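In what follows, a structure is listed as structure tokens, so that the remarks can point back to it.
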Amino acid sequence: MDAVMLVGGQGTRLRPLTMSAPKPMLPVAGVPVTAHMLARARDAGIDRVVLATSYRAEVFEEYFGDGSAHGLELEYVTETEPLGTGGAIRNVVGRLRAGPDDPVVIFNGDILSGLDIQALIRRHTVADAAVTLHLTEVSDPRAFGVVPVDADGRVTEFLEKTPDPPTNLINAGCYVFRRSVIDTIAVGRPVSVERETFPGLLAAGTPVMGYPDSTYWLDLGTPAAFVQGSRDLVTGRMVSSALPGPVGDCLVLAGAAVAADAKIGGGATVGARAQVGAGAAVDGAVLFDGAVVAAGATVRDSVIGRDAVIGPGVVLDGVVVGDGAVIERGNELRAGARVFPGAVLTAGAVRFSSDRT
């Protein structure tokens, strides 16, 4: 079965992490989030995936190659200009092998989901739908596109970010398309499936079905969500066969050096070749490969980029530190601070509390 994974986004909300890699290639619990979703596709019986790339397209093929090491056949198609969700799907149509009536699964490569993919496909096939959407419930749907359905599960409308949504079911970013529907998407221009393709199908009376599902779902678009997703994978709340180690309170990758009295927990990940010094505490944080947390430092609910250095006694809480940045001793950063790649904060430059006790 063919599948398409949309991995072209820049991930601007995750800057500065995405200044060196696209969001779907950032390491979540030790491997790119795309690797987790490709593993779920493979485990569901999908054997071939076309990756629709754009920003930093080369890093996908460098990492995944032809897919054989991941039990898949992979192909890559790169947009030369942004085409939107619908345009990106239409752009890969020449690589699809599915017949006109066959199902094609479409994934967003930057979402973590426990969806039963085979159940979604069965729903689509039994309903003889043109498109079937994975829907998930959220407590506050006002920031999302909501998707009301009737008693038979047929989608009745698409509402983008309305202040008074009639349902808490939202578009979860995974679809099954009848191949012939993909062929009807306009060529060579940006197209949004949410604002153009799906409403157009409804207006034409074409059957679009919803598949409400209450399994794990998380959009990794913000630093807090990124940390949460990594933590949930490490602790087993979200299951992934791509996890490079056992489920537990932390994940320490091969080649990392952790001092005997350092405290690592809360679902934290310590990347390959990373170092955690004596008396340091890493709680629920994500340390990329080669990151250094020096003696006595505390890093909580933060993301530390590749080869970044966190100096002795530094306190970080809810912070993003870009690749190669250096935060020298005596700094204290909290509440959404972002340090850009290669930056150096000299000793005691930033604090959120007094430097005297």
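Within the stretch 292-321, residues that are more than 21 Å from Ala272 (Cβ to Cβ) have Cβ atoms under 6 Å from residues that are acidic (Asp, Glu) in these pairs: Arg300/Asp283; Arg300/Asp317; Gly311/Glu328; Val315/Glu332; Gly318/Asp301, counting only partners at least 6 apart in sequence or on another chain. Residues in the stretch 316-331 that are part of a strand (DSSP E or B), more than 13 Å from Ala224 (Cβ to Cβ) and touching a Gly at 6+ places or on another chain (Cβ under 9 Å): Val321, Val326, Ile327.
Every test in (1) outside any loop (DSSP other than H, G, I, E, B); (2) in contact with a His (Cβ under 8 Å, 6 or more places away or on another chain) is passed by Phe177 save one, and that test is (2). Of Val247, Val276, Val208, Val239, all but one fail to be modelled with pLDDT of 95 or more and out of contact with any Pro (no Cβ under 7 Å at 6 or more places or on another chain); the exception is Val276. The helices (runs of 4 or more DSSP H) located wholly in the stretch 1-112 that include 3 or more residues which are in contact (Cβ under 8 Å) with a residue 12 or more places away in the chain and either open to solvent by 30 Å² or more (accessible area, probe 1.4 Å) or of a type in the set (Gly, Ala, Ser) (or both) occupy 33-43, 84-91.
State yes or no: is Asp213 buried (at least 19 other Cβ atoms within 10 Å of the Cβ) and among the acidic types (Asp, Glu)? Yes. As for the stretch 130-142, it holds no residue that is open to solvent by less than 60 Å² (accessible area, probe 1.4 Å) and farther than 20 Å from Glu194 by Cα. Scanning the stretch 122-145 for residues that are in contact (Cβ under 8 Å) with a residue 40 or more places away in the chain and closer than 25 Å to Leu233 by Cα turns up Leu133, His134, Leu135, Thr136, Glu137.
Criterion applied to Ala224, Ala278, Ala260 was being surrounded by fewer than 19 Cβ atoms within 10 Å (Cβ to Cβ), over 28 Å from Arg42 (Cβ atoms), out of contact with any Leu (no Cβ under 6 Å at 6 or more places or on another chain) and in contact (Cβ under 8 Å) with a residue 60 or more places away in the chain, and the one residue passing it is Ala224.
The values are calculated or read from the model by the stated rules, or taken from the named source; none is laboratory data. Note that the coordinates shown come from a computational prediction; the quantities given were computed from them, not determined experimentally. Here Cβ is always computed from backbone atoms with ideal geometry, including for glycine, and neighbour counts include all displayed protein chains. These accessible areas exclude ligands, DNA and RNA; they are computed on the full protein's heavy atoms, side chains included. Shrake-Rupley method; radii C 1.70, N 1.55, O 1.52, S 1.80 Å.
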